[in-house]
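Okay, structure first, notes after.
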Amino acid sequence: MKSLKALYKVGRGPSSSHTMGPERACRLFLGEYPHAASFHVILYGSLADTGRGHRTDTACMEAFAPIPCTVEFHTDPTVKLPHENTMDLLACAADGTEIGRMRVMSVGGGAISVEGRADLAEPEVYAENSFGEIAEYCKNRNIRLSDYVFEREGEGICPFLLHIWQVMNDAIHDGLTRRGILPGGLEVERKAQYLFNQRHIDESSETRENRIVCAYAFAASEQNADCGTIVTAPTCGACAVLPAVLKYMQEKKGFSDEQIIRALAVGGLIGNLIKQNASISGAECGCQAEIGSACAMAAAALCELHEMSIDQIEYAAEVALEHHLGLTCDPICGLVQIPCIERNAVAAMRAINALSLANFLSETRKISFDMVVRTMYETGRDLSHLYRETSRGGLAKSYR
């Protein structure tokens, strides 16, 4: 299993698989053909279906600039693809002759895979590849999951996670200071500042918690939708769940940054397991793979903050993911706005609910986290392609 540094990535929104991944692919290809006169990019599958809304074409052209680049959207659903997010990159001489070609898959979370090449593979950091294996290892040594992460990752992981936490905080802060309409044509208004400031006249503590957590989630999500800088957790479209709950709990209970780092380590471990054994790509498995994974990461991170047991952490992550099973990815107009922004807020509250349930019910658990991860992947592969980030079904089809 890979390092958390391959999961938590700092980059621009709105999409890790449709913006960050293709941009990385184009920069890699440019480095191999720096003297090309022009480039041509062909997008397939979900990249073609929602590439305009996700600004995939803009990301590609900016990556190759100032060398000219044309982008073609190949939307034929009958074409057999190695991955739902596939793209071909072509380098051309001045007379238009093709001098180089590369096929790339944007596999989720900003990661890419190049057909026929293994040199981009991230090094393996973790020997264990399931929660069951990790739990057994930790219990035999009487260590916490966060200690396990630090042991496997080495000394550099804590400074890295502290930087990740700072970027997450900045995204929430910046989102709370902005007002106006998000780009893309849907005329979606930023709501984070309104949620944060508009206290109800007889607001209870529970209502305030809902409002503030949702305000933080809206803030980071709106920054992502506006191409701001965020952290994939595990993706751009689900970037706000984890920071929203951690920031709220730090303010509410005074947790230190060191404790937050431990929480990020455990949340990242959960995301890594899902990425390893299933998928975090909406184009591959629907939104359950993105927002469901983010909710599971947040629930596990909250349990670590409260120093709960390994079994309680597993229960919280399992509950959070299980109750997102079957969730479709149907962004209206291919934009990461509706239903994506609200969905981050709802998932943040669900993560807090999972924390509460884990405090009482972990001893009654019948379903393992590993089982839910396998089920999520099978469910995602069974979903109609219309509900896997194509904007051809669900809300995207119904909305006019």
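The table below lists the values:
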quantity	calculated
Choice from V167, V213, V245 showing the highest fluctuation, given a GNM over the chain with Cα pairs closer than 10 Å	V167
Kyte-Doolittle mean at least 0.5, axial Cα span of 24 Å or more - DSSP H helices of the chain	157-177, 340-361
Percent RCO, i.e. relative contact order, over the chain, from Cα pairs under 8 Å lying at least 6 residues apart	19
Out-of-range pairs (alpha-carbon distance over 31 Å; input K252/K397; K2/K80; K80/K191; K5/K397; K191/K397; K2/K252)	K252/K397; K80/K191; K5/K397; K2/K252
Selected from C303, C92, C214 as most flexible by GNM, with the chain as the system and alpha-carbon contacts under 10 Å	C92
Modelled FRET efficiency - R0 45 Å, E122 with K253, Cβ distances, 0.05 increments	0.85
Mean residue ellipticity (222 nm) of the chain, computed from DSSP H runs ≥ 4 via -39,500 (n - 2.57), nearest 500	-16000 deg cm²/dmol
Percent carbon-and-sulfur accessible area, region 186-247, ignoring ligands, DNA and RNA, probe 1.4 Å	46
Over region 51-186: Kirkwood hydrodynamic radius from C-alpha pairwise inverse distances, Å	20.0
Within the accessible area of region 282-400 (1.4 Å probe), percent carbon and sulfur	52
Those trypsin sites (Lys or Arg not before Pro) in region 16-88 that DSSP places in a loop and that have at most 10 other beta carbons within 10 Å	K80
The chain: proportion of alpha-carbon pairs further apart than 34 angstrom, %	26
Region 263-327 - Rg and Dmax from Cα coordinates, angstrom	11.1, 35
Accessible surface, per residue, of region 243-389 when the full set of protein chains is kept, probe 1.4 Å, Å²	33
Percent RCO, i.e. relative contact order, over region 298-400, from Cα pairs under 8 Å lying at least 6 residues apart	42
Stretch gain in nm, segment T70-R374, where the contour uses 0.36 nm per residue and the Cα spacing is subtracted	105.5 nm
Separation of alpha-carbon centers, region 271-313 and region 314-390, rounded to whole Å	8
Whole-Å distance, taken between Cα centres, linking region 229-250 and region 105-154	20
GluC sites (Glu not before Pro) restricted to DSSP loop in region 90-198 with at most 13 other C-beta within 10 Å	E115, E155, E187
Accessible surface, region 98-154, averaged per residue in Å² (probe 1.4 Å)	50
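The values are calculated or read from the model by the stated rules, or taken from the named source; none is laboratory data. Worth saying up front: this structure is predicted, and the values here are computed from it rather than measured. FYI the Cβ positions are ideal-geometry reconstructions off the backbone, even for glycines, and counts take in every protein chain you see. Surface accessibility is based on the protein's heavy atoms, side chains included, excluding ligands, DNA and RNA. Shrake-Rupley method; radii C 1.70, N 1.55, O 1.52, S 1.80 Å.
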